[in-house]
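**Student:** The structure that follows is given in the form of C-alpha cells.
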Amino acid sequence: MTLALDATHDAARLSWVESANDPATDFPIQNLPFGRFRVQNEGAWCVGVAIGDQVLDLQDAGLVPNSDMRSIMGLDALARRQLRQSISAGLTQGSAQHSSWKAALHALSGVELGLPCDIGDYTDFYTSIHHATTIGKQLRPDNPLLPNYQWVPIGYHGRASSILPSGESFRRPMGQTKAPDQDRPALGPSRKLDYELELGIVIAQGNALGEVIAMNHAEDQVFGLALFNDWSARDIQAWEYQPLGPFLAKNFASTLSPWVVTLDALAPYRVPFSRPEGDPQPLPYLDSERNRLTGGISIELEVWLQTAQMRQAGQAGEQLSQANYRDAYWSVSQLVAHHTVNGCNLRPGDLFGTGTLSGPAPDQGGSLMELSAGGKKPLQLANGEARGWLEDGDTVILRGYCQREGFRRIGLGECRGTVLASRC
Ligand code: MN
C-alpha cells in the first residue's frame with residue numbers, strides 16, 4: 001500500500017472528546033495511537049486508542065472482537081487503515097457513535113498502561129551513524145566506524161522478557177567488569193549505567209519462515225512506532241562485547257512507551273531518505289524509489305532527566321538533549337528487508353529497536369556515554385548536580401512528537417523509567 005493522506009489527517013477535523021482539540025495534546029484525533037490499559041490492578045488488559053486525555057476501549061466500542069492486540073497488529077495493511085478510519089469517523093464531532101462510545105471511554109489518569117502488546121522477539125539495530133562513530137571513537141580510537149557499517153544495517157537479537165512498560169523501575173545490574181589497571185575482572189554493580197534514546201518499531205503481519213519481505217512491501221509489515229529506552233551498562237558492555245556483541249550489558253531492562261503511533265498516522269511527516277555525498281549507496285535489496293522519496297520520518301525526540309533531588313524539590317526534570325529520527329542512516333523499510341533477506345520470519349508484535357538516535361551535533365547524543373565523553377566530562381545540571389553516568393533514583397523520560405505546517409502536531413507520549421539501587 002502507498003502512503004496516503006486522507007480525512008483522518010485533516011487538521012480541521014475535531015473530536016467530540018473535547019480534550020483532543022487542545023493544541024497541546026499529544027493525542028488529537030489525527031493521531032489515534034494503540035495501546036493496552038486496565039482499570040483494575042491485576043485485571044485483564046484491554047486494547048484501546050488514546051484520544052486527548054481519554055482512552056477508547058476498542059472492544060467496548062464494538063470495533064474489534066476481543067482484547068488481543070496482536071490479532072489487531074496481524075491484520076493486513078488495508079484492514080488496519082480501515083479500522084483507523086472507522087475510529088476517526090466515530091470520534092469526529094457530530095458522529096452517530098457519540099452517545100454509544102461515550103461509555104467506552106476511560107480517563108487516562110484513572111487507568112494503568114501496560115506494554116502495547118506481548119512482545120515476541122526483539123532485535124536491536126544501530127541505525128545512527130553519529131552514535132556509531134562517537135561510541136566507536138571511545139571503544140576503538142584507531143578504528144571508530146567498522147567497514148561494514150555503511151553496507152549492513154547492524155543489529156543483534158535481544159531479549160523480549162526484560163522489556164518493561166513505561167513507569168516501571170528496575171535495579172542497577174550486577175556484572176563482570178575489568179578496570180584497565182587490573183589484571184582480573186570482578187563482579188559488582190555497574191558503575192557506568194546509561195540510557196539509550198531509541199524508537200521501537202512494532203511488526204504487523206510479518207512473514208513465514210523462508211519468505212522474504214521486499215523493500216516495496218516492508219512498510220505494510222510495520223504496525224507503528226513507540227519510544228524505547230535501551231538501558232545499557234557500559235562497563236559490563238566494554239568487557240563482554242567482543243567477539244559476539246552485547247549480552248548482559250543490555251538484557252537486564254529496556255523500557256517501551258505504552259502508545260504505538262501507526263505508520264498511517266505518521267504519513268504527513270515523511271521526508272526523503274538520502275545518503276551523504278560520497279557514501280556508498282545501499283545494495284539493490286535495500287533500495288527503492290519509494291524509500292528514496294519518503295523513507296525518512298521527521299520525529300523530534302527529547303531526553304529528560306529527573307534526579308531524586310529534583311523530585312524532592314518538586315522539579316519535573318531537565319532536558320538533556322534532542323535529536324530527530326530523520327537523521328538515521330537506515331530506514332524502517334531497510335531494517336525489515338534486511339532482517340528477512342535470509343528468510344528469518346517476523347511475527348505480529350515483534351519489536352525492533354532503532355538503536356540510539358543521536359543527531360549530528362555533539363550536544364545531540366542519545367546517551368550519556370556521548371554527552372559526557374564516556375564519563376570524563378560530566379553534564380552540569382541547573383540545580384548544581386552533575387552526571388557522568390546515571391545514579392540511583394534517576395528517572396529518564398523520553399518524549400517524541402511530529403509537526404509540519406498545515407497538519408496537527410501529534411505526539412508519542414512519554415517513556416519513563418527509574419533506576420533503583422543494585423541488590424547488594
Ligand atoms: Mn540499543
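The values are calculated or read from the model by the stated rules, or taken from the named source; none is laboratory data. If you're wondering where the values come from, they're calculated on a predicted model, not measured in any experiment. Quick reminder, even Gly has a Cβ in these numbers, built from the backbone with ideal geometry, and neighbours come from all protein chains shown. Note: accessible area is taken over every heavy atom of the protein model, side chains too, but ligands, DNA and RNA are not part of it. Shrake-Rupley method; radii C 1.70, N 1.55, O 1.52, S 1.80 Å.
**Student:** For the stretch 209-254, which positions are within 16 Å of the ligand (Cβ to nearest atom), part of a strand (DSSP E or B) and in contact with a helix residue (DSSP H, G or I) (Cβ under 9 Å, 6 or more places away or on another chain)?
**Tutor:** Within the stretch 209-254, 225, 232 meet the criteria.
**Student:** Quick check on this structure: which one of 109, 169 is within 22 Å of the chain's Cα centre (by Cα) and loosely packed, with under 15 Cβ neighbours inside 10 Å? Show your work before the answer.
**Tutor:** On the way: 109 fails: within 22 Å of the chain's Cα centre (by Cα).
The unique qualifying residue is 169.
**Student:** Going by the structure shown, is residue 275 among the basic types (Lys, Arg), open to solvent by 40 Å² or more (accessible area, probe 1.4 Å), away from the ligand (no atom under 16 Å from the Cβ) and more than 22 Å from the chain's Cα centre (by Cα)?
**Tutor:** In short, no.
**Student:** Of the residues that make up the stretch 258-267, is at least one of a type in the set (Ser, Thr, Tyr) and modelled with pLDDT under 95?
**Tutor:** Among the residues of the stretch 258-267, not one is of a type in the set (Ser, Thr, Tyr) and modelled with pLDDT under 95, which makes the answer no.
**Student:** If you take the residues of the stretch 327-368 that are closer than 19 Å to residue 255 by Cβ and of a type in the set (Val, Ile, Thr), which of them is nearest to the chain's Cα centre (by Cα)?
**Tutor:** Residue satisfying both the conditions and the ranking: 354.
**Student:** Is there any pair with a first residue in the stretch 404-423 that is on the phi > 0 side of the Ramachandran plot and a second that is of a type in the set (Ser, Thr, Tyr) and open to solvent by less than 20 Å² (accessible area, probe 1.4 Å) whose Cβ atoms are under 7 Å apart and which are 6 or more apart or on different chains, and what are they?
**Tutor:** These pairs meet every condition: 413/257.
**Student:** I would also like to ask the following. Suppose the filter is in a loop (DSSP other than H, G, I, E, B), without any contact (Cβ under 8 Å) to a residue 60 or more places away in the chain and farther than 22 Å from residue 224 by Cα; does residue 59 pass it?
**Tutor:** Spelling it out, it is not the case that residue 59 is in a loop (DSSP other than H, G, I, E, B), without any contact (Cβ under 8 Å) to a residue 60 or more places away in the chain and farther than 22 Å from residue 224 by Cα.
**Student:** Please find, within the stretch 204-244, the residue that is farthest from the chain's Cα centre (by Cα) out of those that are crowded, with 17+ Cβ neighbours inside 10 Å and small (Gly, Ala, Ser).
**Tutor:** 238
**Student:** While we're on this one: Only residues that are in a strand (DSSP E or B) and open to solvent by 60 Å² or more (accessible area, probe 1.4 Å): list them for the stretch 305-330, please.
**Tutor:** Answer for the stretch 305-330, where residues must be in a strand (DSSP E or B) and open to solvent by 60 Å² or more (accessible area, probe 1.4 Å): 319, 322.
**Student:** Here are the criteria: (1) away from the ligand (no atom under 16 Å from the Cβ); (2) buried (at least 23 other Cβ atoms within 10 Å of the Cβ); (3) closer than 20 Å to residue 256 by Cβ; (4) hydrophobic (A, V, I, L, M, F, W, C). Tell me which single one residue 337 does not satisfy.
**Tutor:** Result: residue 337 passes all but (3).
**Student:** Here are 206, 188: which of them is under 30 Å from residue 76 (Cβ atoms) and not aromatic (Phe, Trp, Tyr)?
**Tutor:** 206
**Student:** How many residues does the stretch 132-188 hold that are within 20 Å of residue 415 (Cβ to Cβ), charged (D, E, K, R) and part of a loop (DSSP other than H, G, I, E, B)?
**Tutor:** 3
**Student:** Would you point out the residue of the stretch 33-59, among those that are surrounded by fewer than 18 Cβ atoms within 10 Å (Cβ to Cβ) and modelled with pLDDT of 95 or more, that is farthest from residue 101 (Cα to Cα)?
**Tutor:** 38
**Student:** Looking at this structure, is residue 261 in a strand (DSSP E or B) and either more than 16 Å from the ligand (Cβ to nearest atom) or open to solvent by 40 Å² or more (accessible area, probe 1.4 Å) (or both)?
**Tutor:** Numbers: in a strand (DSSP E or B): yes; either more than 16 Å from the ligand (Cβ to nearest atom) or open to solvent by 40 Å² or more (accessible area, probe 1.4 Å) (or both): yes.
Yes; evaluated as a whole, the condition is true for this residue.
**Student:** Given the conditions (1) surrounded by 17 or more Cβ atoms within 10 Å (Cβ to Cβ); (2) within 26 Å of residue 307 (Cβ to Cβ); (3) within 16 Å of the ligand (Cβ to nearest atom), which single one is not true for residue 201?
**Tutor:** Of everything listed in (1) surrounded by 17 or more Cβ atoms within 10 Å (Cβ to Cβ); (2) within 26 Å of residue 307 (Cβ to Cβ); (3) within 16 Å of the ligand (Cβ to nearest atom), residue 201 misses just condition (2).
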